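Read-outs: derived from the displayed coordinates by stated rules, not from any lab. Bear in mind the structure is a predicted one, so any value in this text is a computation, not a measurement. Note that we place each Cβ from the backbone using ideal geometry, even for glycine, and neighbour counts take in every protein chain shown.
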Amino acid sequence: MKFLLKFSYVQAILWPGLLGISLSACSALGSFGGESFTLEGELPANFSLKAQAQYSVANECNGRWQAKTFQSNLDSAPHQYRFKIPVSYRDGLCEMQLSKVALFIYGRYGGKEWQQTYDNGGLVMVDKLPERAPEFQADGTFTKRAKCTWVFQISKLYLEISKLLSCRGAGAYLVREDLPDKTVRLGFDLSGKERPYLNGYWLETSTGWKPCTGRWGTRFEELCTKPPQFRTFRMNDRECTVYPNCTE
């Protein structure tokens, strides 16, 4: 009985200290900041950008890949974005290193809820650049511009004109070891000229683009015949014959 009382007494004294040591150890295994780089640029009106940084485990830690997300606001005027993205960090016993930055370029082309869409891009981390791939400049910057275009079609769901976003050049290869404290400037330009999503299904005339019909008898644009036959379509709750002006 005396032994049990003495053990309980010692346990009562030591337990808070042992708990404190345990909690301190757990805190020491928390996330640590590491090196980072800056991703910045310009976006057109009614555009926004989401960057999803993806990380893989760099040591023998029994961990899983992780992601950190950065997003700009959609603005009705041309605007800037700027993200500070970690290149590496510690999470407990795991050393995490950047493997890719997935880019989601969002655009809105109308006031209805469904009149918005996105395209993809990405920054890929490599140990060595592919042949002829651009490098960082002497001032520590990497500059590139992506060209975005709206492509239109008759929506299969809403039976109105809907648009898809096509952005070319929205990505790059980057050497991971070169990234810390560097700046990647990726700007986005929007072409003023739209084009059909399907080649050969619309005919460009002096008054605009006209959708073809007469081949399969569907409610949508069809591969143009010779001579071409045209159909009407709906846009902004109006019956139209030509895009983008609706009427000829």
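Tally the DSSP beta bridges in the chain and give the antiparallel ones as a percent, rounded to 5. Could you put the intermediate results ahead of the total?
Working: 60 of 79 bridges.
Here the share of antiparallel DSSP bridges comes out near 75 percent.
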Amide proton proximity set for ASN46, modelled H, under 5 Å, gap of 5+: ASP75, SER76, ALA77
Ordered by residue, what ³J(HN,Hα) values in Hz, to whole numbers, does the stretch 48-58 give under the Karplus form 6.51 cos²θ - 1.76 cosθ + 1.60, where θ = phi - 60° and Gly and Pro are x? 9, 9, 10, 10, 10, 7, 10, 10, 10, 6, 9
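Could you compute the net charge surrounding ARG234? Neighbours are other residues with a C-beta less than 15 Å from the C-beta of ARG234; K and R count +1, D and E count -1. Intermediate results must be reported in sequence, preceding the final value.
On the way: positive: LYS112, LYS156, LYS163, LYS210, ARG219, ARG231, ARG238; negative: GLU160, GLU221, ASP237, GLU239.
With Lys, Arg at +1 and Asp, Glu at -1, the net is +3.
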Quick one: CYS246, CYS240, fewest Cβ neighbours within 10 Å first, how do they rank? CYS246, CYS240
Would you mind ranking TRP114, TRP209 by Cβ crowding within 10 Å, fewest neighbours first? TRP114, TRP209
Let's see if you can work this out: charge +1 on each Lys and Arg Cβ, -1 on each Asp and Glu Cβ, no other charges. What is the dipole magnitude of the chain about its Cα centre, in debye to the nearest 20? 540
Could you state the angle between the C-alpha long axis of helix 2-28 and the longest principal axis of the C-alpha atoms of the chain, as a value from 0 to 90 degrees rounded to the nearest 10? 40
Return the lysines within reach of LYS226: Cα separation strictly under 19 angstrom, same-chain partners fewer than 8 residues apart disregarded; answer none if there are no such residues. LYS210
Build a GNM of the chain with springs between Cα atoms under 10 Å: which of ALA53, ALA102, ALA77 gets the top mean-square fluctuation? ALA77
Mind checking which of THR241, GLY34, THR117 is farthest towards the positive end of the chain's charge dipole, using Cβ charges of +1 (Lys, Arg) and -1 (Asp, Glu) about the Cα centre? THR241
Which aspartates and glutamates does LYS193 reach when only Cα atoms under 15 Å apart count, and residues fewer than 8 places away in its own chain are ignored? GLU204
Structure-derived semi-axes √(5λ) of the Cα gyration tensor in Å - corresponding label in (1) 55, 24, 16; (2) 27, 23, 16; (3) 47, 17, 16: (1)
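Can you give the calculated 222 nm mean residue ellipticity of the chain, where each DSSP H run of n ≥ 4 adds -39,500 (n - 2.57) and the sum is split over every residue, rounded to the nearest 500 deg cm²/dmol? Present the calculation step by step, with values, prior to reporting the outcome.
On the way: 1 runs with 27 residues, N = 248.
Helices in the chain give a 222 nm mean residue ellipticity of -4000 deg cm²/dmol.
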With θ taken as phi - 60° and the coefficients 6.51, -1.76 and 1.60, list the Karplus ³J(HN,Hα) couplings across the stretch 194-199 in order, rounded to whole Hz; mark glycine and proline as x. 8, 9, x, 5, 10, 6
Residue-wise HN-Hα coupling along the stretch 140-149, computed from phi with Karplus coefficients 6.51, -1.76, 1.60 (Hz; x: Gly, Pro): x, 10, 10, 10, 8, 10, 9, 10, 10, 9
Candidate lysines for bridging to LYS128, where Cα separation is under 29 Å - those fewer than 8 sequence places away on the same chain excluded: LYS50, LYS68, LYS84, LYS100, LYS144, LYS147, LYS182
